[in-house]
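Chemist: Please see the structure below; I have some questions.
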Amino acid sequence: MRPGPVLIEPEAHAPALVRLWNASAGIEFPLDERLFLQQLRLDTDPRCCFAFVEPDGSISAAALVKRASRTGPSGTVPATGYLSWLVVDADHRRQGLATSLLNKARTWLSSLKATSLRFGSDHYHLLPGRPMEQGAGYKALEAFLGKQGFVGEAEEYDLMANLATSAGPAVEPAGTNGRFVYQPFSPDKQTAVIEFMHRNFPGRWTHEAVEAIAAGMRPADLMLAVDTADGAVAGFSRIYDGSSPILGPGVYWRSLMGSNPGGLGPIGIDASKRGAGLGQGLLVHCLHELRTRGVDTMVIDWTDLINFYGKSGFKVWKRYEPTSAPL
């Protein structure tokens, strides 16, 4: 009888886990150790990594599961678990390994009083939902999740544009928007930025901004819209290029994006100052900033705002289905 899955430390097994991932999904989602380790080291949610380890020491299947520990927009911690990813080597499929891994995940999450389980979309995720790519492995994942009671939601997208072509988005600098100016983050703005985030975007976006600043985010990778009348922060946008010290989702799959990749997201404007073009101006300013850094191919990750970004030349690149199941 085959031994069941065991608990492993994912950082210690990073090379083997990255190989396992790339053998299954590396063409569409090429993973490297830098990104894999970054996501593990930045996250603070409780987690377990379960794996099937073969006699030769190789890993034939593995899953990373997390339990939410940060507050959501309501100010409370949701009773949510995350199946961050689940990968089974092609030669070991249809042997019940995925089911065993998921059962382990459910048992562990139940012990932590989680009541629901989401695929992907965790803090420091690799995938915001089930990837809707073509191929046997992705179809098998869709069928497996369906059999396990996961129910899909509205699609989300990664959008792509080329800043270097004439057919790309308009990227001339926006300059100012009335009394508002666009400028990079600076340490003297830290308190104002955090207060702005708590007030307008409580929950995930706030946590990620605070954690990025603490982790040594490059100031130029956080662009702000600032009110010149009082210095208040009126909007923000996270941006990235290939040399960003913290890799954002827009450049996760940068090896598919050519030699000069870039990304943007999230982006948001103070609720009391929307509707006057401030968000569009901040977006255009960020596009200009990225082009001055030499960015060619750019991705805006995990959004359903196809029409809004489509006005700037962005088109759907990858599709995901957020999906969840009760525990």
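Values in this text are rule-based calculations from the coordinates and carry no lab data. The model shown is predicted, which means the values in this text are computed figures rather than measured ones. Positions of Cβ are backbone-derived with ideal geometry, glycine not excepted, and every protein chain shown enters the neighbour counts.
Chemist: Using R₀ = 51 Å, calculate the FRET efficiency as 1/(1 + (r/R₀)^6) where r is the Cβ-Cβ separation of ASN307 and GLU54; round to 0.05.
Modeler: Calculated value: 0.60.
Chemist: Enter the angle in degrees (range 0 to 90, nearest 10) between the Cα long axis of helix 204-214 and the first principal axis of the Cα atoms of the chain, meaning the one along which they spread out most.
Modeler: Helix 204-214 and the main axis of the chain meet at about 80 degrees.
Chemist: Could you tally the net charge around PHE314, taking each other residue with its Cβ under 12 Å from the Cβ of PHE314, Lys/Arg +1 and Asp/Glu -1?
Modeler: Taking every Cβ under 12 Å from that of PHE314, the sum is 0.
Chemist: Going through the cross-link list LYS147/LYS318; LYS147/LYS311; LYS273/LYS315; LYS66/LYS273; LYS189/LYS318, which pairs have a Cα-Cα distance over 31 Å in this structure?
Modeler: Among LYS147/LYS318; LYS147/LYS311; LYS273/LYS315; LYS66/LYS273; LYS189/LYS318, the Cα-Cα distance tops 31 Å for LYS147/LYS311; LYS66/LYS273; LYS189/LYS318.
Chemist: Right, next: Find out how many positive minus negative residues lie around GLY81, taking Lys and Arg as positive, Asp and Glu as negative, among other residues whose Cβ is under 11 Å from that of GLY81.
Modeler: Combined, the nearby Lys, Arg, Asp and Glu give +4.
Chemist: Between ALA164 and ARG274, what's the calculated FRET efficiency when r is the beta-carbon distance and R0 is 35 Å? Round to 0.05.
Modeler: Efficiency, from the Cβ-Cβ distance: 0.70.
Chemist: Debye sum, Cα scatterers, the chain, no solvent: what log₁₀ I/I(0) at q = 0.09, 0.11, 0.14 1/Å?
Modeler: Reported log10 I(q)/I(0), two decimals: -0.49, -0.73, -1.13.
Chemist: What ranking of ARG94, ARG179, ARG106, ARG67 emerges when the number of other C-beta atoms within 10 Å of each C-beta is taken as an exposure proxy, fewest first?
Modeler: With the fewest neighbours first, ARG94, ARG179, ARG106, ARG67 line up as ARG94, ARG179, ARG106, ARG67.
Chemist: Counting only C-alpha contacts under 8 Å and six or more residues apart, can you give the relative contact order of region 1-110 as a whole percent?
Modeler: The normalised contact order for region 1-110 reaches 26 percent.
Chemist: Another one. Evaluate E = 1/(1 + (r/R0)^6) for ALA79 and GLU153, where r is the Cβ-Cβ distance and R0 equals 30 Å; express this FRET efficiency to the nearest 0.05.
Modeler: 0.95
Chemist: Starting from the Cα of LYS104, draw a straight line to each of the aspartates and glutamates and keep only those under 17 Å, dropping any in the same chain fewer than 8 residues away.
Modeler: Those aspartates and glutamates meeting the cut-off are GLU9.
Chemist: Give me ILE27, ILE269 sorted ascending by neighbouring Cβ count inside 10 Å, so fewest comes first.
Modeler: Ranking ILE27, ILE269 by Cβ neighbours within 10 Å, fewest first, gives ILE27, ILE269.
Chemist: Where a ≥ b ≥ c are the square roots of the eigenvalues of the C-alpha gyration tensor, would you call region 78-130 rounded, which needs a/c under 1.5, or, failing that, prolate if a/b is larger than b/c, or oblate?
Modeler: Oblate, since a/c reaches 1.5 and b/c is not below a/b.
Chemist: On to the next question. Measuring from label point to label point, each 7 Å out along Cα→Cβ, what is the ARG204 to ALA220 span in nm?
Modeler: 2.9 nm
Chemist: Follow-up. If you fit an axis through the alpha-carbon atoms of helix 97-111 and take the longest principal axis of the Cα set of the chain, what angle between them do you get, 0 to 90°, nearest 10?
Modeler: Compared with the principal axis, the helix lies near 70 degrees.
Chemist: Between ASP188 and ARG70, what is the spin-label point distance in nm, taking each point 7 Å from the Cα along the Cα→C-beta axis?
Modeler: Reported label-point gap for ASP188 and ARG70 is 2.8 nm.
Chemist: Additional query: Taking the Cα centre of the chain as origin, sum charge times position over the Cβ atoms of Lys and Arg (+1) and Asp and Glu (-1), and report the length of that vector in debye to the nearest 20.
Modeler: Dipole about the Cα centre, nearest 20: 600 debye.
Chemist: Here is a follow-up. Can you list the residues of region 58-85 with backbone N under 17 Å from a point 7 Å past the Cα of GLU195, pointing along Cα to Cβ?
Modeler: The answer is none, because no backbone nitrogen lies closer than 17 Å to the label point.
Chemist: Using +1 at the Cβ of each Lys and Arg and -1 at the Cβ of each Asp and Glu in the chain, identify which of LEU256, ALA68, LEU290 lies farthest towards the dipole's positive end.
Modeler: ALA68
Chemist: Quick check on the exposure proxy: order LYS66, LYS113, LYS189 from fewest to most C-beta atoms within 10 angstrom.
Modeler: The most exposed by this proxy come first: LYS113, LYS189, LYS66.
Chemist: While we're on this one: Give, rounded to the nearest 20 debye, the magnitude of the charge dipole that region 159-320 has about its Cα centre when Lys and Arg contribute +1 at Cβ and Asp and Glu contribute -1 at Cβ.
Modeler: My answer is approximately 380 debye.
Chemist: Give me, ordered by chain and number, the residues 5 or more places off SER84 or on other chains with an amide H under 5 Å from its own placed amide H.
Modeler: Correct list: LEU64, VAL65, LYS66, GLY120.
Chemist: Is the shape of region 204-327 best called rounded, prolate or oblate, per the rule: a/c under 1.5 gives rounded, else a/b larger than b/c gives prolate, else oblate, with a ≥ b ≥ c the square roots of the Cα gyration tensor eigenvalues?
Modeler: rounded
Chemist: Per-residue ellipticity at 222 nm for the chain, helices alone: DSSP H runs ≥ 4 residues times -39500 (n - 2.57), over residue total, nearest 500 deg cm²/dmol?
Modeler: -8500 deg cm²/dmol
Chemist: Give the angle, between 0 and 90 degrees and rounded to the nearest 10, that separates the Cα long axis of helix 136-147 from the longest principal axis of the Cα atoms of the chain.
Modeler: Tilt of helix 136-147: around 80 degrees.
Chemist: When the dipole is taken about the Cα centre of region 6-152, and only Lys, Arg (+1) and Asp, Glu (-1) are charged at their Cβ, what size is it in debye, to the nearest 20?
Modeler: 620 debye
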